[in-house]
Amino acid sequence: MVSIIFNREKILLNIDKSRLELSLHDKIGSTNDFCKITTLKKEFLVVASDMQTKGRGRQGKKWISPAGNISFSIAYENADDEPISLIAGVISQLAISIALNVSEIKLKWPNDLIYKNKKIGGILVEREISGSQNKTIVGIGINLALNEKEPWWGDLKSFNIQNSRDDILNNLIRGFFQFTDGDLVNWVELWNLHCAHKNKIIKIFNNKILIDEGIFAGINSKGALLLKSDKDLKEYNSGEILIEGIY
Ligand code: BTN
């Protein structure tokens, strides 16, 4: 379990260590699965691995996680009904932008991370009830370096990232602490500010069936998509969206 790849001190810099258990791995099946089977001993369980062999994406898809990427999960007990997957998008956008000093990391609804119009990261939120614990597990995958690629997958290889992974992990943990402490109240504004497709024409699909089309007018505090058409503003809570020019 002891990882020689990560710098634990750097990851925990300026973090209250009494609040979390940090589990670092060189190789793991899935950081989300590890959180599922591990009992919370502290307020947070944070897991990061250099690579995953059974990384999972949304909708039952496989998530490719070669060595050098970010495979991160954070688990905590949470009764709230917050749209945590969108909030995690904001936390991730800020974590990467600050660590790499870039301004072009964007968000695609509901929770994809975009760089140069390609997907460079995703978020998988799961709930697990075991014994008396009702856990929320937020898994974040960020492509720092990918070899095999679909045309719409991107990575952050063009940055000097060798030393930045620990900083991104540190920022992610601090972001989640900030949110659970009630200090990320402006997350809706931040999400809308960093959205890759604000005011663009989008198509909404459910199970691959086109259900609506219009202008993306942002999200609300429930994390719902607001779609502007000729006469009204509609709200959508689920679905996949398609935008011309973005992966
Ligand atoms: C998506 O499909 O966009 C979500 C991808 C989420 C991947 C992350 S990597 C860390 C965590 N562990 C997993 O198995 N999946 C999530």
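The values are calculated or read from the model by the stated rules, or taken from the named source; none is laboratory data. Just so we're clear, the structure is a prediction, and the values are computed from it rather than from any experiment. No Cβ is skipped: glycine too gets one built from the backbone with ideal geometry, and neighbour counts run over all protein chains shown. Protein only, heavy atoms only, side chains kept; ligands, DNA and RNA dropped before computing areas. Shrake-Rupley method; radii C 1.70, N 1.55, O 1.52, S 1.80 Å.
Okay, here's what the table says:
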{"item": "Given (1) closer than 22 Å to residue 133 by Cβ; (2) crowded, with 18+ Cβ neighbours inside 10 Å; (3) within 12 Å of the ligand (Cβ to nearest atom), index of the condition residue 52 fails", "result": "(1)"}
{"item": "Residues (in a loop (DSSP other than H, G, I, E, B) and crowded, with 17+ Cβ neighbours inside 10 Å) located in segment 177-186", "result": "184"}
{"item": "Every residue from segment 126-146 that is near the ligand (Cβ under 9 Å from one of its atoms) and β-branched (Val, Ile, Thr)", "result": "137, 138, 140, 142"}
{"item": "Residue list for segment 127-163, restricted to those being among the hydroxyl-bearing types (Ser, Thr, Tyr) and under 17 Å from the mean Cα position of the chain (by Cα)", "result": "136"}
{"item": "Wholly within segment 187-247, strands (runs of 3 or more DSSP E) carrying at least 2 residues that are of a type in the set (A, V, I, L, M)", "result": "201-206, 209-219, 225-228, 240-243"}
{"item": "Any hit, segment 31-39, residues being closer than 22 Å to residue 148 by Cβ, of a type outside the set (D, E, K, R), within 16 Å of the chain's Cα centre (by Cα) and in the same structural domain as residue 131 (by TED's automatic domain parsing)", "result": "yes"}
{"item": "Hits in segment 30-41 - residues which are open to solvent by less than 50 Å² (accessible area, probe 1.4 Å) and more than 8 Å from the ligand (Cβ to nearest atom)", "result": "34, 35, 38, 40"}
{"item": "Failed item, numbered, when residue 9 is tested on (1) among the charged types (D, E, K, R); (2) under 27 Å from residue 191 (Cβ atoms); (3) assigned to a helix (DSSP H, G or I)", "result": "(2)"}
{"item": "Pairs with Cβ under 8 Å, 6+ apart, first in segment 133-147 and assigned by TED's automatic domain parsing to the domain that holds residue 28, second in a loop (DSSP other than H, G, I, E, B) and of a type in the set (Phe, Trp, Tyr)", "result": "141/63"}
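Let's see how each residue does on (1) within 9 Å of the ligand (Cβ to nearest atom); (2) under 17 Å from the mean Cα position of the chain (by Cα); (3) over 27 Å from residue 192 (Cα atoms):
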site: 16; (1), (2), (3): no, no, yes
site: 28; (1), (2), (3): yes, no, yes
site: 43; (1), (2), (3): no, no, yes
site: 59; (1), (2), (3): yes, yes, no
site: 78; (1), (2), (3): no, no, no
site: 86; (1), (2), (3): no, yes, no
site: 95; (1), (2), (3): no, yes, no
site: 105; (1), (2), (3): no, yes, no
